[in-house]
Each structure stands twice: as structure tokens, then as C-alpha cells.
Amino acid sequence: MDPQIKLLLENLYGEDFLKIGELVRRLQVSEKTVRSLLNRLDELLSENGGEIQRRYGEGYRLQIHDQEAFDRFLEQQQKQYVPGTGERRAQYMAAELILTGDFLKVEELCDRFFVSRKTITSDLKQTERILGMFDLTLERRPRYGIQVKGGEFSCRQCLAFLLRRSGSHLYRDVSCQFMSEEQAAKILAEALNTGSYEIYDDEFSELVLQFRLGLYRYQKKRMVELAEFDDQDFLQEKDIATAERCAGIVEKSMGIVLPVAEIKYLAVQFSGKRSLYADQKENLVVDTEINRLVNEILDYVYEIFRLDFSRDFDLQTALRMHMVSLRVRLKYHLPLKNSMIKEIREIYSFSYAVVAQAAMVLASHYHTMVPEAEIGYLALCFALALERRKKTRYRRNIVLVCATGGGSARLFEYRFKECFEDYLNQVQVCSSRDLEKMDFTNIDCIFSTVPITAHVPVPVYQVQYFLDSSHIRQVRSILGDVKEGEGAAKYFPKDLFFADLEGADRKEVLEYLCTLVEQRRRLPDDFMDQVFKREEMMQTDLIPMVAMPHPCRPMTEETFVAVGILKKPIYWHMNQVQVVFLLSISNGKEDMEHFYKTTLGLMMNEDAIKRLIAEKNYQVFLELLKEAELQSGS
């Protein structure tokens, strides 16, 4: 019940007549609002055993005609949950429209949620966005109201999404009509175990929900149709066999005979949860579409990051195996949990950034956003490939020059080898006097604790005898072919730092930010169009409070990031966002690993982002970036 109406009822209950002035005082609202609340309460009571009685000169009182009906009404109001935010109301309206399956009038929704028509109209925009994620639409018909339009498969996927997202109240109210979790789990476990069908460990509960929901909808005569499945559904023989086995158990235990379309629905659910690994020995069909998409992903990675995986057979095999289930999930909007996503972003930040970019290939092909959980699993494939590359990277032959000589020089050598083992091939130690006699044919560079005055044909880097974390990072950058002093700050110029930006939504913010950048940098004519195209295809607010929009492809002569801090957070794709990093990668094919490690480290530091929002200062931003750079070890 609307809290104000509830308070009004509490004040009238058990009282004699109360004048309007007394009600205004007790409710702390205007006389006009009190009269409106009295009318709304009277409408509610008229069908529930009571009414609001008015007597001239004395005021208003509660009159109960049917005590049993009134008591039932009170009990129902205690149980009924009324969402208190626009986001929650939007989710509940989407669920009610799908569950009802018929037209609902806006007035009915106003009464259900105790809000005005204006509020419901505003909330319905968000409801349409939720439905649109599953290819569902709202049909509006004068005098009839609104109705969800779309296939039953999509309705089930949307409902499952809402049951997961909207909290315990909606789940409690809807799932109480399903078969029990225990019975569903028993049926599914028997079907899976009999056929030795492997699914992701943490996906069983989701499979139980989908199974219970599907059976409930079927019993309510809301059936999927074969026309909802593509001719190329990409299901494997084992997926179909497992679904048929499950249908057989349902028929035997419950007497329900599932038609072909419902069995296919089950097969799709199984396929989306199936775990496949390169060392599994079974007949999997890896068709030309998967091969082509994997090749396109690797080409995209090479174009953007200059990482060549064309000869990495292990990575290609892992991607192809993963794609067998992944494309089913993308095609049918099936969710996948990833309990490791936070750790993947932090530990394998560069791999995560690589996949977040390359996922454009999948988003474009399947016309859907690639969820963050999927990006995380693909990032693990690339992280393993990058680790293998480190083992085969070009190792340096270096000379160490130490002024102290003797045991100190050997200790310096030991420390160097310990810190940079993956980067070194041969290490020689000598004094500065011996450099003139040295053969530099196979030497890459010199690291010295003292200034070198002799002419040598290789680069010389002066370092401290006692290497701290900052010097270790610098040496690692040198050995890894990144020029010394080339930190991430160079990508964040001061003239592209903007505080207190305003915008009602994502579109307004991006248009304004692109305009500000265009006033300071030479941009291609279609730069903004490419930014919006990227937003349509991929979620860019993968981290709460932060978004990182960018064009679909490298477009500018230099890499830069425009930082925009909003006055107030706005809803982006899936999160509230107040800091926007508008990124433009150059078409110069530079090494971006250091940049992504540092930038993502900053973005994922909640305390750093809160400080940036609070202080909105460029120097503070540079301090935070430097801290992220040190912590990333890059």
C-alpha cells in the first residue's frame, strides 16, 4: 500500500470523525493531498468491506460493513510488496505484463503501484528497454491498454532475468506456483548424470530455474513454437539426447508429454550451460561459422593491439570449443554466471581489455551485446596465450656495470636475475673501465649504477644499486621494449579533462563530450557516429560508476582519453555512471598493454573513483593514475 494511504488508514482506524485540519496535521501534507488520499482510500475500501464516511462539520471516519472482507484486505496489504523505485516498478511491470499475457490499462498499473499516471508513463520507458533486451515490444491500443508482443521463448528468458534481478519479492510471488526446486533438481540431475553431460558447476541452479519456469508456462498453455528456433540452431546431438531424456523423466514422473518444440527449448538450455574443454574426446561439430568468427576475432586483435596469434593453435582450439556453447547463449540471450569476473578484471586486465574490444566481432554478427561474464571467460583464454608468449619472448643479453665490484657486484647481478628472469638471456658483469674492450655484437643494453662516459654502441640505462618497486617497473618496461618514462599519463592531456559535465542521459553526455574534444583535437567526421555505433553493440559501463566509450575502430593520429566527470550520475547501460573515459586509439599500432593495465586498475579502484568524483581535479587524477601504475607493476 502507498505509505501515505497506509498512514491515513492507520489514523482513521478506531477513531471517531476526524476533521480535515487534524488529518493535515497528522500526515504533514496539504489539504488538497489529504482529500486526494481520502478518495483513493475510499475506492480501495469499496471492494473490501468498508468505506470513508463524511459528515458535514465533523469530518471523516472509517466505516466497516464487512469485517471479514476488511480483515482479508488488511492481511493482503501486509503481504503485498510495492516497489519503491522507478527501476523496481519497471521490472515488476515487465513481469506482470508477461505473466498476464493480456492487455493492461495504465490506470490498473497506477492502482497496483500507488503512483500517478505520469510516474507510470516514465517507468514504462525503462520497462520497454528491459523487454527490448529480449526482442520483446509493447503494443499500445486505445481503450485496451498495453500488451507485450513477442515469442514465448523470449518471454521466458525475460521472466528468468527479472526473477534474478528484481529481488526476493517477485521471485517469491511467482515461483510459488512452480514445481518445487527439489523435484526439478532431481529430474535434471538424473538426465545429466545418465548421459554424462557436463555443465558449468555454478549453472545448475540457473538450469533449475529455467526448467521450472518453462514447465509452468507450458502448463499455463504458454507454449514455445518451432518457428521461434532458427533453422540453424547449432545444437549438438548430445544436447538433444539429454533434453529427450529429461522429457522422458517428466512424462514418467508427472504424466506430462512435452511436444518437440518444448524438448528443443530444453536442449537450448542445456547447450547454453554446457562446459567444453579442448581435451574432451567427443564428436563436436565445429563448423565454418565458428572457424570464421575465431579468425575474425584474432584479426581484430592484431589490428588493434598488434598481437599475432595466427600460429597459436592452442588458443584457436580453446576459442573454437568455447564458441560451441557461447553462440547458443548469444543467439538465445541465455545468461552465464562468472563468479571470477572481478578477479579476472584485476589480475588479467590487459586480456580483459583485449576481449572487450574483440567482442565487437561477436556483437556485430549476433546483433546483441556480449555480457561481461562472457568477456571474462574469453579473457582467460587470451591470458593463457599471453602467458605462453612470455615464455617464448625475446630475452635480452645485458651488461651490468657496478662501481663497488667484488661481492657487491655479484649480489647486484643476483638481484637483477631474480627480478627480471623472464626477460634475460645472458648477463655479464664488468667495471666501467672494461667497457672499452668489450665485444657488443650480441649485447642489447647496459644497466649501470654509475655514469658511463665511454662511447658504447648500445643504450645505457643508469639505475640504483638497491632496486625499489618503482625502479623494477622502469627496468621491466625497458626490457619489454617500452621506452623509459612513457607512462600512462601521456594519454590523458590536461585540456581533455572536464569536470561538472551535465547530461540527462548517455546520448547527451556523449554528444557534449565529443563536441568538447572536437574543439581541441582534429577528429574524423564520423567519429561521434562510430562512438554511438559502439554503444549500440557493446556495453561500455562494465564497472560501476565508470564508462569507457570509444569508436568501433582506430580513427585518430594519436591515442588520447578525454575524462568527463558528471555533476550527477546517470544510468548508462546497466550501471549508474559518473566518470566517463572517452578513449580514441590511434591508427599507429602502438603497444597498449601498459595503458590498459594502468587505466583499468584505476577504474576498478572504488576508493580512487570516489575521490576523483569528490575532488574533480586534474592533479588529483594524475596522482591516482600514478598509484594505479605502480600497483599494476607495468
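The values are calculated or read from the model by the stated rules, or taken from the named source; none is laboratory data. What you see is a predicted model, and the numbers here were worked out from it, not measured in a lab. Cβ placement follows ideal geometry from the backbone for every residue including glycine, while neighbour counts extend to all protein chains displayed. The area values use the complete protein model at the heavy-atom level, side chains included, leaving out ligands, DNA and RNA. Shrake-Rupley method; radii C 1.70, N 1.55, O 1.52, S 1.80 Å.
Here are a few things to note about the model shown:
- Between the amide H of Ile199 and those of Ser275, distances stay under 5 Å, these residues lying 5 or more places away or on another chain, with hydrogens modeled in the peptide plane.
- Angstrom value of the Kirkwood radius, inverse mean 1/r, which spans all Cα pairs in segment 163-266: 14.6 Å
- Reducing segment 549-590 and segment 85-135 to their Cα centroids gives an inter-centroid distance of 33 Å.
- The chain - share of DSSP beta bridges that are antiparallel (%, nearest 5): 55 percent
- Calculated FRET efficiency, Asp439 to Ser470, Cβ-Cβ distance, R0 = 56 Å: about 0.95 to the nearest 0.05.
- Gyration tensor (alpha-carbon) shape descriptor, segment 535-584, a/c threshold 1.5: oblate
- Violating pairs (Cα-Cα greater than 24 angstrom) within the set Lys221/Lys252; Lys220/Lys273; Lys6/Lys32; Lys105/Lys507; Lys568/Lys616: Lys220/Lys273; Lys105/Lys507
- Once the Cβ-Cβ distance of Arg410 and Asp314 is raised to the sixth power relative to R0 = 60 Å, the FRET efficiency obtained is 0.95.
- 20 Å reach of a label modelled at Glu387, 7 Å along Cα-to-Cβ, counting backbone N of segment 397-437: 419-424
- Within segment 530-551, backbone nitrogen closer than 18 Å to the virtual label 7 Å beyond the Cα of Thr515 toward Cβ: 530-532
- Relative contact order (percent, whole number), segment 55-191, Cα cutoff 8 Å, 6+ residue spacing: 22 percent
- Global form of segment 187-331, assessed from the alpha-carbon gyration tensor, a/c cut-off 1.5: prolate
- With 0.36 nm allotted per residue and the present C-alpha distance subtracted, the Glu606-Gln426 stretch has 60.6 nm of extension available.
- Rounded to 10°, Cα long-axis angle of helix 31-46 versus longest principal axis of the chain: 70 degrees
- An oblate overall shape is assigned to segment 389-458, the ratio a/c of its alpha-carbon gyration tensor axes (a ≥ b ≥ c) being 1.5 or greater and a/b not exceeding b/c.
- Heavy-atom accessible surface of the chain: percent carbon and sulfur, 1.4 Å: 47 percent
- Within the chain, the longest segment free of exposed loop sites, counting trypsin sites (Lys or Arg not before Pro) that fall outside DSSP classes H, G, I, E and B and have at most 14 other Cβ atoms within 10 Å, spans 394-482.
- Computed from the Cβ-Cβ distance with R0 of 35 Å, the FRET efficiency linking Glu31 to Leu74 stands at 0.85.
- Over the chain, volume per residue of the alpha carbon convex hull, in Å³: 224 Å³
- Within straight-line reach of Lys390, meaning a Cα separation under 19 Å, sit the following lysines at least 8 residues removed in sequence or on another chain: Lys417, Lys483, Lys597.
- Rounded tilt (10° steps) of 181-194 against the dominant C-alpha axis of the chain: 50 degrees
- Helix 313-332 and the longest principal axis of the C-alpha atoms of the chain enclose an angle of approximately 20°.
- Surface per residue (accessible, 1.4 Å probe) for the chain, Å²: 49 Å²
- Between Val460 and Glu346, the modelled label-to-label distance comes to 4.3 nm, taking each label 7 Å out from Cα in the direction of the beta carbon.
- For the pair segment 290-311 / segment 212-272, the C-alpha centres are spaced 36 Å from each other.
- Averaging the sequence gap over all C-alpha pairs within less than 8 Å and six or more residues apart, then dividing by the number of residues, gives the chain a relative contact order of 8 percent.
- Based on DSSP H segments of at least four residues, each scored -39500 (n - 2.57), the chain has a per-residue ellipticity at 222 nm of -17000 deg cm²/dmol.
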